[in-house]
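Below is one structure, written out as structure tokens; the observations come after it.
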Amino acid sequence: MKLEEQKIIGYQIIDGKEVPVINCPTEVTIKNKVTGIIYESEEQAKADIENPNTPTTEEHIQRDVKITVARLDIFGSTQ
């Protein structure tokens with residue numbers, strides 16, 4: 001389930017330069033650790049938990065979050 005695409009959400013002044021503030025792409029996978037079922041949404045996982053015909057509990061639900069960030073120059077400028 002993809003939540004966010006990368007986009008510029010604003011600008012900030014750093015060392016006198018205008019630098020973009022970027023919203024990073026985010027992807028969440030919701031999975032039942034016992035059955036291996038991957039849910040399409042949080043609502044689908046909740047419905048499985050609330051269903052009296054399944055043994056699923058909140059402890060069975062695993063949420064994996066993948067955040068992709070832009071490559072950064074960690075050495076900076078020497079000017």
Failed criterion for V19 (all others in (1) over 21 Å from Q6 (Cα atoms); (2) β-branched (V, I, T); (3) assigned to a strand (DSSP E or B) hold): (1)
Looking only at region 51-72, and only at residues there that are part of a loop (DSSP other than H, G, I, E, B) and surrounded by 13 or more Cβ atoms within 10 Å (Cβ to Cβ), the one that is farthest from the chain's Cα centre (by Cα): T54
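Where residues in region 3-13 are within 17 Å of I67 (Cβ to Cβ) and free of Cβ contacts under 8 Å to residues at least 40 places away in the same chain, which of them is surrounded by the most Cβ atoms within 10 Å (Cβ to Cβ)?
Filtering first and then ranking leaves E4.
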Any chance D48 is loosely packed, with under 10 Cβ neighbours inside 10 Å and out of contact with any Cys (no Cβ under 6 Å at 6 or more places or on another chain): no
Qualifying positions in region 24-50 - over 15 Å from K66 (Cα atoms) and part of a loop (DSSP other than H, G, I, E, B): K33, V34, T35, G36, I37, E40, S41
Residues of region 26-63 satisfying the condition of being of a type in the set (A, V, I, L, M), in contact with a helix residue (DSSP H, G or I) (Cβ under 8 Å, 6 or more places away or on another chain) and free of Cβ contacts under 8 Å to residues at least 24 places away in the same chain: I37, I49
Test: residue in region 14-30 that is surrounded by 10 or more Cβ atoms within 10 Å (Cβ to Cβ), more than 19 Å from the chain's Cα centre (by Cα) and modelled with pLDDT of 95 or more: no
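The values are calculated or read from the model by the stated rules, or taken from the named source; none is laboratory data. Because the structure is predicted, anything quoted here is derived from the model rather than measured. We place every Cβ from the backbone using ideal geometry, glycine too, and count neighbours over all the protein chains shown.
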